[in-house]
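Enquirer: Below you'll find the structure I mean.
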Amino acid sequence: MQNEPRFSIVTCTWNSAATLADTLASVRAQTCRDVEHIFVDGGSQDATLDLVAAHPLPKRVLRDVGGGISRAMNQGILAARGEFVAHLHSDDYYAAPDVLEQVERRFDETGAAWVVGQIRVLRDGRLFEPYPMRPFSYRSYCSGRAAVAHPAVFLRREIFAQVGMFDEGLRYAMDIDLWLRLGARMAPALIERPLAVFREHAGSVSSSNKIRARQEEFAVRRRYAGRAPLAFAVYCLRYLKRMRALHAQSAV
């Protein structure tokens, strides 16, 4: 029986040829080679699947997966065989060749259920430095003081059986919903360095409709308000301030 890989990297694609090459190159460059790469494709009509076919690492391709990004991510989890699962979307890429090596070491040192690092944002050709990383606590995350950036999150595959997977009814805040469920049970082990680069552009779902994204995030956080009511009240103040700013921008 073939040994299971340590890492399953899930990449969701749909007409992603313009950016996917950077994603693939960053995975190929990893010093940790114990990896399978799972592609969940929504029916690409460009060169996406040609790029995937040429990718030399062990891989599997799930084709014509509909139902939205949450369902695509869940399908990737269900297909994963690795001990650790990460989602690296086709807009994003790992920040350095030793990312998986560092994450593997952190898992082994701590026995944590999940490991979280920082990201850098690529906007208009410029790479921005990461925000300072705050210590994680459930209250700090509920209040919005601590952040968890999805491209820099790695989870033990077994943890999904305990907390569930992504809510397929959500379009924007499915990751926040999962972190709130997971964070209530256990804090992540942190790596205070950039693990991934998030490419921000007009086509990014979270960037193309920021007001709806914030509204959905508020609804998700309200689901769990009873677990940390004071922290949720702090978040509400932040939410009102950000929504005022977004509405002012949209009115210009």
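Enquirer: Find the helices (runs of 4 or more DSSP H) located wholly in segment 135-213 whose residues include 3 or more that are over 27 Å from LEU230 (Cβ atoms) and in contact (Cβ under 8 Å) with a residue 60 or more places away in the chain, and list them.
Expert: none
Enquirer: To continue, here is another question. With the checklist (1) surrounded by 16 or more Cβ atoms within 10 Å (Cβ to Cβ); (2) not in a loop (DSSP other than H, G, I, E, B) in hand, flag the one item ASP50 doesn't pass.
Expert: For ASP50, the exception is condition (1).
Enquirer: Considering each of ARG105, ARG60, ARG71 in turn, give the residue that is within 18 Å of the chain's Cα centre (by Cα) and not in a loop (DSSP other than H, G, I, E, B).
Expert: It is ARG71.
Enquirer: Pairs under 8 Å by beta carbon, first residue touching a residue at least 12 places away in the same chain (Cβ under 8 Å) in segment 108-123, partner part of a strand (DSSP E or B) and acidic (Asp, Glu), six or more apart or different chains?
Expert: Pairs that qualify, where the first residue is touching a residue at least 12 places away in the same chain (Cβ under 8 Å) and the partner is part of a strand (DSSP E or B) and acidic (Asp, Glu), are GLY117/GLU192; GLN118/GLU192; VAL121/GLU200; LEU122/GLU200; ARG123/GLU200.
Enquirer: Step by step: first the residues of segment 102-143, then only those that are surrounded by 15 or more Cβ atoms within 10 Å (Cβ to Cβ) and of a type in the set (D, E, K, R), then the one that is nearest to ALA196 (Cα to Cα). Which residue is that?
Expert: For segment 102-143, the residue satisfying everything is ARG120.
Enquirer: Take the residues in segment 191-239 that are of a type in the set (Gly, Ala, Ser) and at pLDDT 95 or above; name whichever of them is surrounded by the most Cβ atoms within 10 Å (Cβ to Cβ). Steps first, please.
Expert: Within segment 191-239, the subset of a type in the set (Gly, Ala, Ser) is 196, 202-204, 206-208, 213, 219, 225-226, 228, 231, 233.
Retained after the next criterion (residues that are at pLDDT 95 or above): 196, 219, 225-226, 228, 231, 233.
On the way: ALA196: 25, ALA219: 12, ALA225: 15, GLY226: 8, ALA228: 22, ALA231: 21, ALA233: 12.
Among them, the one singled out is ALA196.
Enquirer: Six or more apart or on different chains, Cβ under 8 Å: which pairs go from a residue in segment 222-243 that's at negative phi to one that's hydrophobic (A, V, I, L, M, F, W, C) and not in a helix (DSSP H, G or I)? Could you list them?
Expert: TYR224/ALA184; ARG227/ALA184
Enquirer: Let me ask something else about it. Suppose we keep only residues that are surrounded by fewer than 20 Cβ atoms within 10 Å (Cβ to Cβ) and hydroxyl-bearing (Ser, Thr, Tyr) within segment 1-47. Which one would you say is nearest to the chain's Cα centre (by Cα)?
Expert: THR19
Enquirer: Sort through MET186, MET174 and tell me the only one that's hydrophobic (A, V, I, L, M, F, W, C), closer than 16 Å to SER70 by Cα and at pLDDT 95 or above.
Expert: From the options MET186, MET174, the qualifying one is MET174.
Enquirer: I need every pair where a residue in segment 36-63 that is farther than 14 Å from VAL10 by Cα and touching a residue at least 12 places away in the same chain (Cβ under 8 Å) has its Cβ under 8 Å from the Cβ of a residue that is in a strand (DSSP E or B) and of a type in the set (D, E, K, R), sequence separation at least 6 or different chains.
Expert: Partner pairs satisfying both residue conditions: THR48/ASP41; LEU49/ASP41.
Enquirer: Give me a count of the residues in segment 64-107 that are under 11 Å from ILE9 (Cα atoms), in contact with a Leu (Cβ under 8 Å, 6 or more places away or on another chain) and not aromatic (Phe, Trp, Tyr).
Expert: Within segment 64-107, residues that are under 11 Å from ILE9 (Cα atoms), in contact with a Leu (Cβ under 8 Å, 6 or more places away or on another chain) and not aromatic (Phe, Trp, Tyr) number 4.
The values are calculated or read from the model by the stated rules, or taken from the named source; none is laboratory data. What you see is a predicted model; the values in this text were computed from it and never measured. Backbone-built Cβ (ideal geometry, glycine too); neighbour counts: all protein chains shown.
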